[in-house]
Amino acid sequence: MRRFTSRSKRWVGLAVVLGAGLLLAACSAENNGQNSLKPKGPAAQKIDNLFTPIFFISVAVGVLVLGAVVVFAVRFRYRAGKNENPKQIHGSTPLEIGWTIVPALILAVIAVPTIITIFDLHKEPTGDVLNVTVVGKQWWWEFKYPKEKVVTADELVIPAGRTVRVNLQACDESLPNKCNVIHSFWVPELNGKTDVVPGRNNFTTIEADKPGTYLGQCAEYCGLSHANMRFRVIAKEPSEFDRWVGEQQQGPAVPLQVGTGADTKPAGPAQDLISTKFQCTNCHSLSDSKVSSYGPNLTHLASRTTFASGYYELTRDKLVEWVHNAPGLIPMQSKACREAGEPAAGKCVGMPSFSRDTPAGQPTMTEQEAGQIADYLLQLK
Amino acid sequence: MTTDQVAVPSEHDVVEAGHDAPATGMGVSNTKLAMWLFLSSDCLFFGAFISAYLFYRGRPQPGPHPVDVYNIPFTSVTSFILLMSSLTMVLALAAIMRGDYRRLRVWLLATALFGATFIGGQVFEFTEFYRQGFTLSKNLSGSTFFVLTGLHGAHVTAGIIWLLSLWGLAVQGRLTSRDSERVEIAGLYWHFVDVVWIVIFTVVYLIPK
Amino acid sequence: MTTVSDTVRAPARRLRVLRRPRATTGFWSWFTTIDHKKIGIMYGTTALTFFVIGGVEALLLRLQLAGPNGTLLTAAQYNELFTMHGTTMIFLMGMPLAVAFGNYLIPLQIGARDVAFPRLNAFGYWGFLMGGLFIYSSFFIGGSAPNGGWFGYTPLTSTPLGRGFLPGHGADFWAVGIVMLGIASTTSAINFIVTVLQLRAPGMTFMRMPVFTWMMLVTAFLTLFAMPIVTAALIMVYFDRNMGTNFFQPAAGADPLLYQNLFWLFGHPEVYILILPGMGIVSEVLPVFSRKPLFGYPVVVFSGIAIGFIGWGVWAHHMFATGLGPVAISAFALSTMIIAVPTGVKIFNWLATVWRGAVRLKTAMLFALGFIAMFTLGGLSGVLHSVVPADTQQTDTYFVVAHFHYVLFGGLVFGLFSGFYYWFPKLYGRFLDERLGKFNFWTMLLGFNLTFFPMHFVGLLGMPRRTYRYDTGLGWDFLNQLETIGAFVIALSVLAFIVNVMVSRRHGQVSGDDPWDARTLEWTTPSPPPMYNFAEIPQVEARDDFWHHKYTEDETGHAVRLPSGAAVAVEERPAGGDGGGEHGGEEHGDGHGIHMPSPSYFPFVVALGLPILGYAAVFQAVWLVPIGALVLLFGMYAWGIEPQTEP
């Protein structure tokens, strides 16, 4: 009986350690670009250094308790005529003191590095820091480079090896209600999450050790399409980053309009569809990469690899589908938008469909028109 | 919360055991204990609104601000009347305990009337504030002020209805000295509402900065 | 013999608004009953119904997530379902099920004939039912069920309907409905506290009270102080949405974190409101099935009280990512670590109770042991959350979903199921079937771990919670598939339980009065107990009084059966039990001469006023206000002048 018990104890312990260890190993092996166990920058590394040992302390405690439950249940099970009237043990003061103090000590040991790391991660970054303002909107991310005077969306381009101070905003003049709801900015491989709270000036820092693509996602429930509110951080070599900034500061590769003053008119048939027939320009800026707009700034759309909150790869097919009927790809609350004829001061959220539920008096977009618009957008390198 | 107003005659009879074992109760009646518990709960209810008011006080916001519209002398008078109603409440309880039903009716009615005067003052005050542009949706102060004081007013109004129904029973002669606890419990509620007003008046009106 | 006291007098000329109901059996008696045991069963049945509804919602959520880019549900439907799943399981299942146990058992455990306020008790139930039906009616009217998440963060929920953040009246239903449920649970909390403080049988001192009653007392105090805070927060949300106030409107300079502070100041005690009853149940079950007293009774009680106190100082650990600043965050990290200590102490005491016991692995005991194991895992992932930097990676991901399901499912639900199997014979005089029970336990343990264990890892792999779909290629597909399979295993387990209850209620093995050779007063009554519970109010001389009537200890400390108790080994006890000891059934009086409170319509009538006012609030239908107010006031007035007991 005793042998069985100690063997079963060993089995349970082994199974739990193996299970947890294997899964953890599997998870840290997973290169999905969004893995909190695969730190790719100093902040995430500090968190991981803290998490891993404490995780294994927890596993050890868990194994002990689970093992005790199983062993006690088997070892002390009821046997008629043998132990049916066990010794009535009411308690033990030394034991009570012991199992109050030991966990308290373990926790004290955990607390010290925890608090050190908290203060470390909250430090205002110094030195050669790139400042970026991130605005959380329903349901996409806008990235503004205040010094460089560049506004972009869905993809946050940063120089590798340089600290980026991310200023998190949910209030912006381009928003119909002035302020948006709470979002949470999270790039697991670069840092933990920080909420984007309207009315507060939260910030976080990210830094990528090497060039690469790191996935991020909104982590605070923000309404209908919260699940789709993704983005990616693209770290480039510093020289490439500088070149990228230079390109972004340019005007559109193919102009939207020609002429000046009263003589301005669309520069071509696609531009005519965009600015006149479907009035995309009500919500999107296509000719000025320095300004925020209600929808993402599209002046350099074609320089990105993804679109629609980073949910889709930027391909012609997807883009056509999107222009034609965006709510078919990502759910929106946008029916009221086109009825009001503009971003409709707070009446709607998101991009309307141009092919479904078209309000009376508004034109319906054909597949061909969508193609024309997409082709134009794809030229906006 | 209003269910507590219908506190019934003490119901501890179900457990009265005829043994001489150690007593296990708390030495108060069930109903009174329940009222104390309810009031302690209600403290946190008001506490949340008072916290919200304090939390937002001094934040930049468009005017008019509370200080611009307050009429401290007027509110002081209505506050004094509400405080006086606590006195008449005590007198009503004293009256029923010694079986003086005429004075009981007088003091119950007086308490309710003082309360009603306070509510009248609050209605007047709110109207006046609205006329001067200090409204529920004007700014943070407006939101926190009106909801806090309005909910207090609702408590007072519930108290008035309670007192009037007791008065009605008293007039019919169905409130006798054996029922003094019913008056006492209504009194607990009434004094609580008064004390809350003292806090609100001090925090919201007298230290408005 | 106790008789009705003199405080209830027959009024000379009482206003007869409705004829006093008299029936204590039959369909209509359920609407007028004020018997704490009947009300307990009503609470239980209703809450279990909501448990099934919330479970079906969970299955739909899991089906949607079974594979990447699921299309079973739309985003809007998914958001409604996860909001309602959380709201249901917390407010309509967890809290009322604990109240169900409390209702049935507290008077029995302390040797009382009823709760202190039987009619208020009935009102609490009807208020809960009305609140639940009210919230669920939003699926049919108002455009949308609640869809802002169970904690309904502002400004998402508080922004007026016309401004587009959330479609439909869901958030209004949610805010008003929870206020309604708050009124109901506050009344039941007051009732429990007064009952425990005032109605204990002679000799039932505080340190002789069963641990379940103790934990319900702590829970009641937490409810009493937590509900008004969330009520206030939700009134602010309601006013923001409907009356144009600016409590949480950032554009007016407000700080949405005010809401989070208020909500979690309620929300964290709420977690303990949910788990403490479960802890109480296993503290009853473990000693009985180990045939040993609870190890360290005073320590278990005081650590429960300590949890109740410290529970108020940890709320901001739900807000570690909101930017509170390092000082505040460190303080809350420390308080969160501190609360792990009394929790750990409880676990060690439970283990020590089992140690060297005579463990009968009945289903009730299996669930109690499962509780210790699963709750420990939940507690440990909780400690990981107190490590704030790690928490910023884990919060709002599936890691947190795993954590709180280990606490609330592995903890609370396992505890409740343990309680079902343990006390069912007391309710119906019959056992729940053990074979189905064991199937119930093992499938639940398997399904539970299959569902929630992988969530830890899917969360660490970067999957945020509350997402209606996820893209493929992120390494989440397989783990999510496992979770969905697990969810259906749980469903199978719950189905087995329902079948078990249905069948065993009428055809189960007859259990007798004290089938488990138990320790506390409820087992001295017949099964099911008569309306008046105790023919004679018991005199309590010790903790585990009933046990000491059956057993004494020899010089080595081993239990020895007293001669009056049958010396038959428990396992071999014949079906039907012997009733055990001198409190056996035969000696009960016939209950004549015991006056119990009479049934009443008015708790139901008063509760009926609540949803009427609720609809008036949601749809701003001013014309409904006087109707609701009239029903409410009429009910309260009639209640007020109606005597407790009909002469």
- Which net charge results for the neighbourhood of C:MET204, defined as the other residues with beta-carbon distances under 11 angstrom from its beta-carbon, given Lys and Arg at +1 and Asp and Glu at -1? +1
- Amide proton proximity set for C:GLY323, modelled H, under 5 Å, gap of 5+: A:ASP195
- Using the 10 angstrom Cβ neighbour count as an exposure proxy, how do A:LEU329, C:LEU262, B:LEU108 rank, fewest first? A:LEU329, C:LEU262, B:LEU108
- Residue (of C:GLY86, C:LEU274, C:ALA638) at the positive-pole extreme of chain C, dipole from beta-carbon charges: C:ALA638
- Would you calculate, for chain A, the mean residue ellipticity at 222 nm contributed by helices, counting each DSSP H stretch of 4 or more residues as -39,500 (n - 2.57) and dividing by all residues, to the nearest 500? -12000 deg cm²/dmol
- Task: Evaluate region B:40-161: find the radius of gyration of its Cα atoms, find its Kirkwood radius, and give the ratio Rg to Rh.
- Result: 1.07
- Message: Please arrange C:HIS548, C:HIS385 by how many other C-beta atoms lie within 10 Å of their C-beta, fewest to most.
- Response: C:HIS548, C:HIS385
- Message: What number do you get for chain C when its Cα radius of gyration is normalised by 2.2 N^0.38 Å, N = residues?
- Response: 0.97
- Table column - 3J(HN,Hα) (Hz), region C:271-276, Karplus curve with 6.51, -1.76, 1.60, x for Gly and Pro: 4, 6, 4, 7, 8, 4
- The alpha-carbon center of region A:61-82 and that of region C:316-349 are separated, in whole Å, by 31
- From fewest to most C-beta neighbours within 10 Å, the residues A:LEU224, C:LEU197 line up as C:LEU197, A:LEU224
- Item | Of A:HIS183, A:HIS284, A:HIS122, the one that fluctuates the most in a GNM where chain A has Cα springs shorter than 10 Å | A:HIS122
- Message: Cut-off 10 angstrom, C-alpha nodes, Gaussian network model of chain A. Which of A:LYS318, A:LYS87, A:LYS335 fluctuates the most?
- Response: A:LYS87
- For A:THR306, enumerate residues with amide H under 5 Å from its amide H, sequence gap 5+ or separate chain, H modeled in the peptide plane. A:LEU314
- Under the Karplus relation with 6.51, -1.76 and 1.60 and θ = phi - 60°, whole-Hz ³J(HN,Hα) for region C:205-221, x at Gly and Pro, equal 6, 4, 7, 10, 6, x, 5, 4, 4, 4, 5, 5, 5, 4, 4, 5, 5
- Message: Can you compute the charge dipole magnitude of region C:421-539 about its Cα centre, using +1 on each Lys and Arg Cβ and -1 on each Asp and Glu Cβ, nothing else charged? Give it in debye, rounded to the nearest 20.
- Response: 280
- Query: So what is log10(I(q)/I(0)) for region C:408-476 at q = 0.22, 0.23, 0.26 1/Å, when the Debye sum runs over its Cα atoms only?
  - Reply: -0.97, -1.02, -1.16
- Task: Taking H placed 1.01 Å from N in the peptide plane, check which residues at least 5 places from A:ALA153 or on another chain put their amide H under 5 Å from its amide H.
- Result: A:PHE143
- Query: With +1 on each Lys and Arg Cβ and -1 on each Asp and Glu Cβ, how big is the dipole of the protein assembly as shown about its Cα centre, in debye rounded to the nearest 20?
  - Reply: 780
- Whole-Hz ³J(HN,Hα) from phi, Karplus 6.51 cos²θ - 1.76 cosθ + 1.60, for region B:42-53, glycine and proline x: 5, 4, 5, 4, 5, x, 5, 6, 5, 4, 4, 4
- Pairs beyond 21 Å (Cα-Cα), from A:LYS137/A:LYS381; A:LYS40/A:LYS193; A:LYS193/A:LYS290: A:LYS137/A:LYS381; A:LYS193/A:LYS290
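FYI, it's all coordinate maths here, none of it is from the lab. Not measured: the values here are computed from a predicted model. Every residue, glycine among them, receives a Cβ derived from its backbone with ideal geometry; neighbour counts consider all protein chains shown.
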